[in-house]
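A.B. asks: There's a structure below that I have some questions on.
Derivation of every value follows stated rules applied to the coordinates shown; laboratory data play no part. Predicted model only: the values in this text are computed from it and were never measured. So basically every Cβ, Gly included, is an ideal-geometry build from the backbone, and we count neighbours across all protein chains shown.
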Amino acid sequence: MQAAREPDPGAEAEELARALLADLGDRWAHTQGVAAAADRAGIGLAEADRVTLVGAAWLHDIGYAPSCVRSGFHALDGARELLDRGLPARLAGLVAHHSMSGYEATARGLDDDLARFPVEDGPIADALAWADMTTDPQGRPTNPEARIAEILERYPLADPVHVAIQAAAPDIVGAVQRTEDRMAALVH
């Protein structure tokens, strides 16, 4: 008789992301690339933190799925979807606040809504931003400067995403640098 197998949160996150995003073309390609990057960025983290990081990477953009859209702010909509599905508050918080999304919440007037989700500061949040901002829309590696430029090009000047990314750029670059420094220190 086999022992009961523990559920694999990473596989469950991937399965949910696939169900919600696989029909969204580049959004799905980007998500797959971000998850792969997060797996690399998980080097040196405690196993539970690495699993949470990779799960958040799989789920960071589910708020773009038509069935999840409520406010039009994907980070908030994705986090709400995760809580509605009974997933951990920590995971929902990472999705809610990924890649400095607080700037977009401010631009959209949704600060109070976003504040309902726990903010995580430190290597996990930084690594999630690194994974997102070093992966282009087609899931290929890029650098944060090119990724920021691509986002700014994609959205008009007055769009909340454009406003937010422009304001968040120094913090995004800082998170990327901290993650790269942490990863480099572990390799040497």
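A.B. asks: Take region 17-56 and flag every residue that is in a loop (DSSP other than H, G, I, E, B) and either under 15 Å from the mean Cα position of the chain (by Cα) or small (G, A, S) (or both).
C.D. replies: Across region 17-56, the qualifying residues are A22, G25, G42, G44, A46.
A.B. asks: Scan region 60-75 for residues that are within 18 Å of R116 (Cα to Cα) and either β-branched (V, I, T) or touching a Cys at 6+ places or on another chain (Cβ under 7 Å) (or both) and jot them down.
C.D. replies: V69
A.B. asks: So how many residues does region 76-88 have that are surrounded by 24 or more Cβ atoms within 10 Å (Cβ to Cβ) and under 17 Å from A105 (Cα atoms)?
C.D. replies: To start, the set of residues in region 76-88 that are surrounded by 24 or more Cβ atoms within 10 Å (Cβ to Cβ) comprises 76, 78-79, 82.
From the residues that got through so far, the ones that are under 17 Å from A105 (Cα atoms) too are 76, 78-79.
The total comes to 3.
A.B. asks: How many residues does region 169-184 contain that are touching a residue at least 12 places away in the same chain (Cβ under 8 Å) and within 14 Å of R40 (Cα to Cα)?
C.D. replies: Count: 5.
A.B. asks: Would you point out which residue out of E104, E120 is among the charged types (D, E, K, R) and either without any contact (Cβ under 8 Å) to a residue 40 or more places away in the chain or in contact with a strand residue (DSSP E or B) (Cβ under 6 Å, 6 or more places away or on another chain) (or both)?
C.D. replies: Criteria check complete, one pass: E120.
A.B. asks: With the condition kept exactly as written, say whether any residue in region 30-51 is touching a residue at least 60 places away in the same chain (Cβ under 8 Å), under 26 Å from P141 (Cα atoms) and either among the aromatic types (F, W, Y) or in contact with a Cys (Cβ under 8 Å, 6 or more places away or on another chain) (or both).
C.D. replies: No, region 30-51 has no match at all.
A.B. asks: Separate question: Would you check which residues across region 129-169 are surrounded by 15 or more Cβ atoms within 10 Å (Cβ to Cβ), of a type in the set (S, T, N, Q) and not in a helix (DSSP H, G or I) and list them?
C.D. replies: Correct list: T134, T135, T142.
A.B. asks: Right, next: Return the pair list, or none, for Cβ contacts closer than 9 Å from residues in region 147-168 that are under 12 Å from M100 (Cβ atoms) and without any contact (Cβ under 8 Å) to a residue 60 or more places away in the chain to residues that are polar (S, T, N, Q) and in a helix (DSSP H, G or I), at least 6 apart or on different chains.
C.D. replies: Cβ pairs passing all conditions: I148/Q166.
A.B. asks: If you don't mind, there's one more thing I want to ask. Regarding region 171-178, can at least one residue be identified that is closer than 24 Å to D39 by Cα, assigned to a helix (DSSP H, G or I) and in contact with a strand residue (DSSP E or B) (Cβ under 8 Å, 6 or more places away or on another chain)? Please lay out each step first, then the result.
C.D. replies: Narrowing region 171-178 to residues closer than 24 Å to D39 by Cα: 171-178.
Add one more test, that the residue is assigned to a helix (DSSP H, G or I), and what stays is 171-178.
Still in the list and also in contact with a strand residue (DSSP E or B) (Cβ under 8 Å, 6 or more places away or on another chain): none.
So far as region 171-178 goes, no, none of its residues is closer than 24 Å to D39 by Cα, assigned to a helix (DSSP H, G or I) and in contact with a strand residue (DSSP E or B) (Cβ under 8 Å, 6 or more places away or on another chain).
A.B. asks: Quick one: A105 ticks every box in (1) buried (at least 22 other Cβ atoms within 10 Å of the Cβ); (2) under 14 Å from the mean Cα position of the chain (by Cα) bar one, so which box is it?
C.D. replies: (2)
A.B. asks: Mind telling me which of the residues S99, S67 ends up being among the hydroxyl-bearing types (S, T, Y) and closer than 20 Å to V176 by Cα?
C.D. replies: S99
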